[in-house]
Every structure is written in structure tokens, then in C-alpha cells.
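Notes follow the structure.
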Amino acid sequence: MAFVPQHVVEATWMKAATMDTKTARALQKKSGKFQPELIGFTIGWTHKLRPDAVGLALYIMVVVFEMFRAAGVKTRKASEHSVMEHWKQSAELAAHLETTGAVPNTLSALSLPTEEPHVLQYVIDALTEVPEDDPVELTANEFWHLFATLKTIVDTLHDASTTSSALRD
């Protein structure tokens, strides 16, 4: 069962889209303390990509962290073991989707294996959207790599979380 309902996903990404640079940096700093293993994983697995692709991944990661926080989810720190287990599954899924010809901007998280379909749909939308004011056009390889990386974040956070049933969909 999802911990982050769709209305929280929507409210959080809309709030993040209007954040000024100072607020965004403060949020990034706070995120480092919230989930250091996931921050290290994201930086480690994206550092060879173009800087704007890395920046997009870090931005999406912080927004995902905020979605869990805004939903009132209590999250313990993720372990390296848990992160790597989810990475293996996410990388296999991304490779399968890519080799079977899945089109990134037509992916639906509701048809993918995840406990957080609304959050994962945000990830997909954020990776495929090319806003006019700050365009980051990803190559196919970058998309699938970031998809696997960020799906790992979503699934690991879900597994590290607990919340009251009143906050769930």
C-alpha cells in the first residue's frame, strides 16, 4: 500500500517548482542528514552523467524526499544493503523496458512494480518533461539510468517507512 497519496505528490511538486534557490539549497542540505545513504548512492551512480542530468536527478530526489515528509511518513535511514537490493531490481526493470522498446514519456507507474505509483509517476514525468525555462533533454541512456536510480530511491524509502493508515490512499 502506498504511503504517499496522489494529492501530496501534486502539492509537493507544485511547491518545489516555485522554490527559490536559497530554499532549494536548504532543502538539499536537510536531505543529506535525512538519508545519507541515498544521497551517496545518487551521487555515486550519476557522477559520470552530464552535469545538467546529475542536477535533475538530485532535484527530483529532494522532491521525492519531501513527498514522503509531507505525507507524514516516518522513515528510518536506509541501509546500503537495502539500497543495493532495490538498485538491482530497478536496473533490471529499466534494462527490460529499454530492450522491449518502452517509450519513456508513455510509461505509466501504475503498470510498473512499485508500492509508490504516484511518486514513481512524478519521477517519470519529471524525467520526460522538457520545460521551456530550464530544459534538460536526456539521452535514452541517461533516461533509463536515472529512471533506475530514482526508482531505487522511491522503493527504498517506501521500505524504510511507516505511517498511520489515516494518511494513506
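All of the numbers you see were taken from the coordinates with simple rules; none came from a lab. Model, not experiment: these values are computed from the prediction. Heads up, the Cβs are rebuilt from the backbone with ideal geometry, glycines too, and the neighbour counts pull from every protein chain shown.
Report the Rg/Rh value for region 24-72, based on alpha-carbon coordinates and the Kirkwood definition of Rh. Ratio value, two decimals: 0.97. Modelled this way, with points 7 Å down the Cα-to-C-beta line, the labels at R50 and T162 are 4.4 nm from one another. Extent along the principal axes, Cα only, for region 2-54: 34, 28, 22 Å, with the longest axis given first. Taken along the Cα-to-beta-carbon direction at a fixed 7 Å, the label points for R76 and R25 span 3.5 nm.
Structural descriptor for the chain: relative contact order 40 percent, calculated from alpha carbon pairs under 8 angstrom and at least 6 residues apart. Count the net charge of all other residues whose Cβ sits under 11 Å from the Cβ of A70, scoring Lys and Arg as +1 and Asp and Glu as -1. Charge balance near A70 sits at 0. Residues E85, E92, ranked from the fewest to the most other C-beta atoms within 10 Å, line up as E92, E85.
Of the cross-linked pairs K15/K88; K22/K88; K48/K88; K22/K77, those separated by over 28 Å at the C-alpha level are K15/K88; K22/K88.
If a spin label sat at a point 7 angstrom from the Cα of A95 along the line to its beta carbon, the backbone N atoms of region 44-59 nearer than 18 Å would be those of 45-46. As a size descriptor, the averaged projected area of the C-alpha convex hull of region 82-148 was calculated at 4.8 nm². Take the convex hull of the alpha carbons in the chain; its mean projected area over all directions comes to 9.1 nm².
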